[in-house]
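What follows is a single structure, written as structure tokens, with notes after it.
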Amino acid sequence: MSRLWTCLLTSLGLLNSFVSRAQLTTLADTGRSTFYQTRTGTYHPSRTRTTDLLHTDLNLRFDWARQYVEGTATLRCTPYFYPQTTVELDAKGFLIRNVLLIDTLDRKPVRDSLRYEYADGQVLRIRLPRAYTRRDTFDIRIDYVARPNELPAGGSQAITSDKGLYFINPTGSEPDKPRQIWTQGETEANSAWFPTIDAPNEKMTQAISLTVENQFRTLSNGRLVSSQSNPDGTRTDLWVQAQPHAPYLAMVAVGNFAYVSDQLPRTPDRGPLTVGYYVEPAYEPFARQIFGRTPAMITFFEKLFGTPFVWDKYSQIAVRDFVSGAMENTTATVHQEGVQMDARELVDGNSDAVIAHELAHHWFGDLVTCESWANLPLNEAFATYAEYLWFEHARGRDEAELHGQMDLAQYLSEAETKQEPLIRYRYADREDMFDAHSYAKGGRVLHFLRKIIGDDAFFRALTSYLKRHRFSTAEVDDLRQAFEEATGQDLHWFFEQWFLSPGHAVLAVEPTYDAGTVNLRVTQKQDTTFTPIYRLPVRVDIWVKGRKTSYDVVVDQAQQTLTFPADQRPDLVLFDADHRLVGTIDQPKSQRELIFQYYHAELYQDRSNAILAQDNTTLATDGDARVMVIAALNDPFWQIRQIAVRRLASYVGPQKAEVQRLIRERLRNDSSSAVRAEAIQTLASYNDKVNLPLFKAALTDSSYMVVAVALERYLAAKPADAKTVVAKLEHIRQGEVLSAVADYYAEAADPGRFDWFVATWRSLKPGEQYNFLQVFAKYLLRSSGDIQRRAVPLLEKAARQDASSSVRFGAYQALGLLLDVPGVEAIRQRIRANERDPQLKELFEKLGAY
């Protein structure tokens, strides 16, 4: 599962803090699971296993008008250990028509209907005609109707809805939106469309028959083994997955998709692996540009993890209104529609991070599954770290380190209001596990462990872990044992610190030099009420006379002094030189040391930090610093060049003309669109109209990002041809460009542009609509009361009904600028009261909406 909404909230600084429920200590056993309630929250163990679900056979038809699923489910079961006279299945909100038994041991025909209890509409309790032992197997056949739209809504930061199955534009009333059906099962939402044992520690094989209209394409787990036309103009596709996986990973999708595929050669006994891409027809020409690195990723992960991709195929599909960023359903990953980009959009970046993330889940999550949601980092931390591993392999270490730094920043932002152990058996809701701890911190913790034990041991342990627990489940102790067996070391201390305790290291490092000795005083400053004094194996690099010596040291005290020999004052001392630490380090450095650091330290973070430490005053007065930043304009890594360009904004010191010339050179020739866009911003900061022709020329750049920034800066100068320039760009269907166009129209507040704003807003992807709504709100604020009143019902509908949480939030914000319109405050109150997304409700509250 990717982390789209979590990342959005983190960027806004508004991730929710954890509030535990203080309750009396109790112990209860419901028969389905055991839980403890304590002052620190509810204890959530793995689901107690009474029945083992071996195989699920589904026959499904879809009622588009009522948004129902008409299904027959045949479940092959056996008692897990103890004899059983009942079977309990998760089945949320079904209409149960019949429940039959096929006794596979006695090979008897279907019996009369079985008795069952279903009063709560959540758990189907079926009474068996006799006691079955673990030597018996039996099939239960259930005829049912699933009604997911009639279920109460829930969700989380990462997964904004949990009704399991979704009909998109079911009646075809939205002309610009395709009709689709798709599912999203994590955490326990698949039981909203088929009866199952909806727990991560269950594993099953499956066969799913989908009867759909002939014009639609289907996708499910495993292989398409047959496709049969029916007399009524429908078609039945049968998808079979022969390898077991957890029920939350089952999926179906139906719609008008284009299909493009690649073949990945395999060993002769296995045959080629089909790697398929399902996109909307308009994106068929770009499918390989979007997803085409997937075969190389599979090959890379197979080698790195020492474990083959065991599944029958690998498909990826892009759907409308998806409730998360992406989901790793076994053999059939679902992506939100923003993954679809044309060739020009792909100039500014692709979705390789999320593609690698969901693919890696096919080892960590699908092949070996966390046995409880408390152990979710065993899925998500590895998938997040796989992003780093792919970038390290495909794009180089600088790109990987930048990605890792962003993960650390995401976790540290969340940690300002929330600090929990990675492995959390106590939580208010299982959806709380989908946060920056399980993803970002988890990935950084794995990187730390890799640096401590070395690559050979790290990947050997992963291979052992995957092989030992394949097609099964694992908890954190299983992972620890794999690393201990690989290294011969007791690693309880590491797992206790980083998986089972909250917090992170907060260090102050003070270097001094005295008579041939470098002294590093290291103080651990984290709050030790809840956070341990860490044992921190780190690397220290010391440069003397331009030569580096590296030392492996261990910090394990609240305060300690590390000493190193040096025959003169060092040029530079770098604590945590390979940036493995999960936490923060405050180490003051002189200007001389920072400049030395840029030219000699090996990692992206050190070069960027040296440049970020400079300001305009320093650059104007310190020639060496200025030379360093100018040199960074040609750094091999695009992000360093971008930072250097940004640091030269508003520069007025010596060599001003040369600096401007070099920035213009970046705009004209840099290979990175991000650097070119930054160059426009920096040139604009000089308030020199001589650069306007460059901005106008950049309006034809291959990058939409560059075009958007160039348009904004060109129009800011109020050129005579502004109207003509804008008119040429107002029909480009790309969010950043259209937001820049909209900003120009918002300034004029032309009432004749209202329909353009509305049509443009509706044409954009949800990820683009949020930003566009901010500009639309600016237009409305400057417009007449009549225009504002026309906008209110449109914004109200979006704030109430849009499938995207970010769009609902953006529309709600826009209404907040129209409070002078009678009734708007009451509308906002009703929106807040009726919003069902818990994260969005909390966001309203954090913004002072109540």
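Cα-based values for the stretch 735-850, radius of gyration first and Dmax second, are 13.5, 38 Å. Taking only the alpha carbons of the stretch 307-380, we obtain Rg and Dmax values of 13.6, 43 Å in that order. Note on the stretch 243-308: the alpha carbon radius of gyration divided by the globular reference 2.2 N^0.38 Å gives 1.32. If the cut-off is 17 Å between C-alpha atoms, which aspartates and glutamates fall inside it for residue 723, apart from same-chain ones fewer than 8 positions away? Once the sequence-local aspartates and glutamates are set aside, what remains near residue 723 is 712, 743, 747, 750.
In order along the stretch 782-795, the Karplus-derived 3J(HN,Hα) couplings, from 6.51 cos²θ - 1.76 cosθ + 1.60 at θ = phi - 60°, round to 8, 8, 6, x, 4, 5, 4, 5, 5, 7, 4, x, 5, 5 Hz, and Gly and Pro are given as x. Derived value for the stretch 324-423: Kirkwood hydrodynamic radius 14.9 Å. Basis is the mean of 1/r over every pair of different alpha-carbon atoms. Estimated from helices alone, the mean residue ellipticity of the chain at 222 nm is -11000 deg cm²/dmol (sum of -39500 (n - 2.57) over DSSP H runs with n ≥ 4, per residue).
Calculated over the stretch 412-535, the projected area of the Cα convex hull averaged across directions stands at 10.2 nm². Each residue of the stretch 366-449 gets 94 Å³ once the volume of the Cα convex hull is shared out per residue. In degrees, nearest 10, range 0 to 90: what is the angle between the Cα axis of helix 824-834 and the longest Cα principal axis of the chain? Helix 824-834 and the main axis of the chain meet at about 50 degrees. Between residue 506 and 525, 526, 584, the built amide H atoms are under 5 Å apart, and every one of these is 5 or more places off in sequence or on another chain.
When peptides 714-721, 449-456, 235-242 are sorted by average Cβ neighbour count within 10 Å, with the highest value leading, the order is 235-242, 449-456, 714-721. Semi-axes of the equivalent ellipsoid of the chain are 47, 37, 25 Å, computed as sqrt(5λ) over the eigenvalues of the C-alpha gyration tensor in descending order.
Ranked by the mean number of other Cβ atoms within 10 Å of their residues, highest first, the peptides 332-345, 744-757 come out as 332-345, 744-757. Taking the chain as the reference, fit the longest principal axis to its C-alpha atoms, fit the long axis of helix 294-305 to the helix C-alpha atoms, and give the angle between the two in degrees, 0 to 90, nearest 10. That helix lies at roughly 90 degrees to the long axis. Once the Cα atoms of helix 805-815 and of the chain are each reduced to a long axis, what angle between those two axes, in degrees from 0 to 90 to the nearest 10, is obtained? Between helix and principal axis, roughly 60 degrees.
Roughly what % of Cα-Cα distances in the stretch 632-754 sit above 25 Å, to the whole percent? Walk me through the numbers on the way to the answer.
Numbers: 1863 of 7503 pairs.
In whole percent, the share of Cα-Cα pairs in the stretch 632-754 beyond 25 Å is 25.
Translational diffusion coefficient of the stretch 505-597 (Stokes-Einstein, Kirkwood radius from Cα pairs, 20 °C, 1.002 mPa s): 157 µm²/s. Among 260, 619, 795, whose Cα sits farthest toward the positive end of the charge dipole of the chain (+1 at Cβ of Lys/Arg, -1 at Cβ of Asp/Glu, about the Cα centre)? Checking the options against the dipole of the chain, the answer is 795.
The stretch 561-591 and the stretch 320-388 have Cα centres lying 37 Å from one another. About its Cα centre, the dipole of the stretch 735-850 is roughly 340 debye, where the only charges are +1 on Lys and Arg Cβ and -1 on Asp and Glu Cβ.
Treat every Asp and Glu Cβ in the stretch 464-594 as -1 and every Lys and Arg Cβ as +1, leave all other atoms uncharged, and give the resulting dipole magnitude about the Cα centre to the nearest 20 debye. Before the final figure, lay out each step's value.
Working: 15 positive and 19 negative charges, 89 e Å.
Using Cβ point charges on Lys, Arg, Asp and Glu, the stretch 464-594 gives about 420 debye.
Under the rule of at least 5 residues apart or a separate chain, name every residue whose amide H is placed under 5 Å from the amide H of residue 426. Excluding prolines and chain starts, which carry no amide H, the hits are 44.
Bridgeable lysines around residue 525 (alpha carbons under 24 Å apart, same-chain partners fewer than 8 residues away excluded): 418, 441, 451, 589.
Taking 0.36 nm per residue of sequence separation and subtracting the Cα-Cα distance, how much length would be gained by fully extending the chain between residue 98 and residue 428, in nm to one decimal? Don't skip to the end; give the middle numbers.
On the way: separation 330, 0.36 × 330 = 118.80 nm, distance 3.57 nm.
Result: 115.2 nm gained on full extension.
Of the residues 637, 151, 528, the one whose Cα sits farthest toward the positive end of the charge dipole of the chain, with +1 on the Cβ of Lys and Arg and -1 on the Cβ of Asp and Glu, is 151. Using Cβ point charges alone (K and R +1, D and E -1), the dipole size of the chain about the Cα centre works out to roughly 820 debye.
Read the figures in this text as sums done on the coordinates, not as results from a lab. Treat the numbers as computed from the prediction; the structure is a model and nothing was measured. Every residue, glycine among them, receives a Cβ derived from its backbone with ideal geometry; neighbour counts consider all protein chains shown.
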